[in-house]
1. Just the number, please: Stokes-Einstein D of the protein assembly as shown in µm²/s, Kirkwood Rh from C-alpha pairs, 20 °C, 1.002 mPa s.
2. Between copies, how far apart are the B:HIS56 label points? List them in nm, one decimal, shortest first, with each point 7 Å from Cα toward Cβ, please?
3. Copy-to-copy spacing for B:ALA112, label 7 Å out on the Cα-to-C-beta vector, in nm, shortest first?
4. Can you tell me, using C-alpha contacts under 8 Å and at least 6 residues apart, the relative contact order of chain B as a whole percent?
5. Given charges of +1 on the Cβ of Lys and Arg and -1 on the Cβ of Asp and Glu, with all other atoms neutral, how large is the dipole of chain A about its Cα centre, in debye to the nearest 20?
6. So the label point sits 7 Å from Cα along the Cα-to-Cβ vector; using that for A:ARG37, what distances do you get to the other copies, in nanometres, sorted shortest first?
7. For chain A, find the longest principal axis of its Cα atoms and tell me its angle to the long axis of helix A:48-60, 0 to 90°, nearest 10.
8. Report P(r) for chain B: all Cα-Cα distances, bin width 5 Å, range 0 to the bin holding the largest distance, values in whole percent.
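None of the figures in this text is laboratory data; all of them are computed from the coordinates on show. Everything numeric in this text was worked out from a predicted model, so none of it was measured. So basically every Cβ, Gly included, is an ideal-geometry build from the backbone, and we count neighbours across all protein chains shown.
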Protein chains: 2
Amino acid sequence: MTERFERELMRGSLDLMVLSVLADGANYGYLIQKRVRDAGGDMIKLQAGTLYPLLHRLEADGVIKSKWDHSTGRKRKWYELTPAGRRRIRDQALQWDKYAACIQRILTPALAALPAK
Amino acid sequence: MTERFERELMRGSLDLMVLSVLADGANYGYLIQKRVRDAGGDMIKLQAGTLYPLLHRLEADGVIKSKWDHSTGRKRKWYELTPAGRRRIRDQALQWDKYAACIQRILTPALAALPAK
DNA sequence: AACAATATATCGTTGTACGATATATGTCAA
DNA sequence: TTGACATATATCGTACAACGATATATTGTT
């Protein structure tokens, strides 16, 4: 039940989280996954099977671009933000704040109306 | 694009919004929809085709219960919270706060890292 | 040699939100 | 009085994101 809730919560903000990690500088999938997981504590368990298609989608959207790195034995695909990506972070961050404020506006009086536990 | 983002954002928190409206007292679908839309400003366009299945799902979950009202010409199905519903609001409100804090924790430094527009 | 960690990728399943559509009653103006 | 609009609930097919499982290959550890 709680897992379902968390999973659905992630939808719509996961893109923004990944883009935010890239705002800190170029990075590759495996490390991005770790960064998001660390930031998420026990809330966000980002799966590889979620992340890689997500990165492909963002690239197809033109908000990130990639470059293969074969210099090490393990090949890595580095991603970085495009100008459109930076714009999207700013836009979606505003959207997110507006959305969160809206939830709070509904939630706060509701909790107040609930009988004290 | 932005519409897509908003749509996905709603997932996972829409149940909580509907339950929150019911925390204010029993209500029926059509008015619940209005309440959520009003609270959401231009962010949340809750569709009837979303709401009614959602209410059925919540009832099947045992967090709300319904009663038909035929006293007026237009029949209305009134919903109210069950004790499990009140518990769920409290639980998911905590989850939501945790989640929102986590997004902020990622978002704030990212925005700071972005070149000033 | 066996196993864990690193690293990317795809595939089928699940579940939610959407728009369209259906149905029916009440209200108000032309 | 007829037509339009708001009220009121419901279902259906579609789209799509996140999941878990699986595949593949390299590097580090025991």
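1. Values: Rh = 19.3 Å.
Estimated diffusion coefficient is 111 µm²/s.
2. 3.4
3. 3.3
4. Working: 91 pairs, mean separation 28.8, N = 117.
Once normalised by length, the contact order is 25 percent.
5. Values: 21 positive and 13 negative charges, 42 e Å.
Taking the Cα centre of chain A as origin, the dipole is about 200 debye.
6. With the label placed 7 Å along Cα→Cβ, A:ARG37 yields 4.3 nm.
7. With rounding to tens, the tilt is 70 degrees.
8. 2, 10, 18, 20, 18, 12, 8, 5, 4, 2, 1, 1, 0
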